[in-house]
Structures are given as C-alpha cells and as structure tokens.
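Colleague: Below are the structure tokens for one structure; questions will follow.
The values are calculated or read from the model by the stated rules, or taken from the named source; none is laboratory data. Not measured: the values here are computed from a predicted model. Note that we place each Cβ from the backbone using ideal geometry, even for glycine, and neighbour counts take in every protein chain shown.
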Amino acid sequence: MYKKPIIVFEGIEGTGKSHHINNVTKYLEKKKIKYIKIREPGGSFNSEKIRRLILNKKSNFNVKTDLLLYLAARSENISLIKKYYKKKIILIDRFIDSTIAYQHYGMGVNLKIINMINKFLLNDIKVSFTFLNVVNKKNLFLRLRKRKSLNRYDQFNLSFYNKVQKGFLILAESNKKFYKIIDSNLDKKKNEDLIINQIKKIIK
C-alpha cells in the first residue's frame, strides 16, 4: 500500500494500543526497517513538556484550553513529522482522531474548529492507516486499576469513555478502507498477529 506510511494507533484508555505499537516497533527493528515512533501529546521535546501539563492530575483546564493545549503539542511535533514524512515509517500513538473523539464527541467542542486548526497544522500531511483498539466496560476498568499511576485522562466516568469510543467508531465507519478495528477484549497474541499481518500489507 505505502512504503513509508504514517500509521496511527487509536483508542480509549485500556485498549492496549501502546502495547501493540511497541510490538510493531520490535517487528520493524527485527526486519531492519527504518521508522520513528512518537506519541501525542508528546513526541518532541517541547510536546513532552506540554504533555506533562495536560495529564497532570492537578490540572483543571476548561475544554477549550484542553483542546488548544493538545493542538499546541501537535504543532511542536509537525516539524519532526515533516522531517521524516515519506522517508521513514512514522508510528504515532494517538493523533488527529483522538482530538476529534475526545474533544468533540467526548467534550462537545465544535468539530469545525478542530478540523480547521488540524488542517492549518498538517497542511499536506495525511495518515495512511489507523488501527482502532476498542475495549468493553469490564476490561477498561480492570486494566486501569492495574496501572501504577493514573493521569487526568485515566479518571473520567464510564459515560465519557463510551462517548469517546463511539466517536472513534464513527470515524472508522466513515473511512473503512484505511481503518482496522482491533477488539482488545480478545486474545492478545491473536491481535498481535493480526496487526503485524496488516502492517506487512501496508508497507509492501
């Protein structure tokens, strides 16, 4: 499909997206395929500083400030993405869809504003493929309880996570060709194999 794609891993908390993106990096390293991996918020030096501010449990931003901080973190990553765009495989742990799912579907921020700023920031940069990881209520809270420390976004109520996950599914439905939904309630090893097989198709 694409030799040097941007591949994004999306999903609410507890879906295993970070595990799977790390498993993909191991595969690429084994095959000696060049890649970079970033996360949002985070990635570049300045974006990591913004991440600490956003996710701090003592932070109490209103929804508009939250949105602008996430987009500011993205802005700091754009030069890094542009540097390697179409030169290396770019793996991203959360990206544009997370902003739409959390800030629009979860918090009710105007979608036109989000899309306008994303377009301004990304210009001609386009995501090649997205893995959307989904989880049920039981496993979501089981996995969150196992975490050694919780950030601000790990502590919302079930209603919020439901809205966000439904938002992700709406986005996936609107662009089926470039999405794969991963049911993280199923066997982890089977999902690892499923994702790696899809990665092979994407980068061939």
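Colleague: Before we move on, is L169 over 24 Å from N77 (Cβ atoms) and outside any strand (DSSP E or B)?
Modeller: Criteria met by L169.
Colleague: Any residue in region 114-136 that is at positive phi sitting within a Cβ distance under 9 Å of a residue that is outside any loop (DSSP other than H, G, I, E, B)? List the pairs, counting only those 6 or more apart or interchain.
Modeller: Close Cβ pairs (under 9 Å, with a partner that is outside any loop (DSSP other than H, G, I, E, B)) amount to N123/I78; N123/K82.
Colleague: Can you tell me how many residues within region 22-35 are in contact with a Leu (Cβ under 7 Å, 6 or more places away or on another chain) and not in a helix (DSSP H, G or I)?
Modeller: Adding up the residues that qualify gives 1.
Colleague: In the list I125, I182, which residue meets the criterion of being touching a Phe, Trp or Tyr at 6+ places or on another chain (Cβ under 8 Å), surrounded by fewer than 17 Cβ atoms within 10 Å (Cβ to Cβ) and outside any helix (DSSP H, G or I)?
Modeller: I125
Colleague: Now for a separate question. Could you tell me which residue of region 140-159 is nearest to L53 (Cα to Cα), considering only residues that are charged (D, E, K, R) and surrounded by 11 or more Cβ atoms within 10 Å (Cβ to Cβ)?
Modeller: R152
Colleague: Follow-up. Looking at this structure, is K177 modelled with pLDDT of 95 or more, among the basic types (K, R), more than 13 Å from V24 (Cα to Cα) and not in a loop (DSSP other than H, G, I, E, B)?
Modeller: No, not satisfied.
Colleague: A further question on this structure: Go through the residues of region 146-158 one by one and say whether even a single one is in a helix (DSSP H, G or I), of a type in the set (K, R) and more than 27 Å from T65 (Cα to Cα).
Modeller: Checked against the condition, which is being in a helix (DSSP H, G or I), of a type in the set (K, R) and more than 27 Å from T65 (Cα to Cα), region 146-158 yields at least one hit.
Colleague: Sticking with this one: Restricting the search to region 48-68, which residues are assigned to a helix (DSSP H, G or I) and either in contact with a Ser or Thr (Cβ under 9 Å, 6 or more places away or on another chain) or not aliphatic (A, V, I, L, M) (or both)?
Modeller: E48, K49, R51, R52, L53, K64, T65, D66, L67
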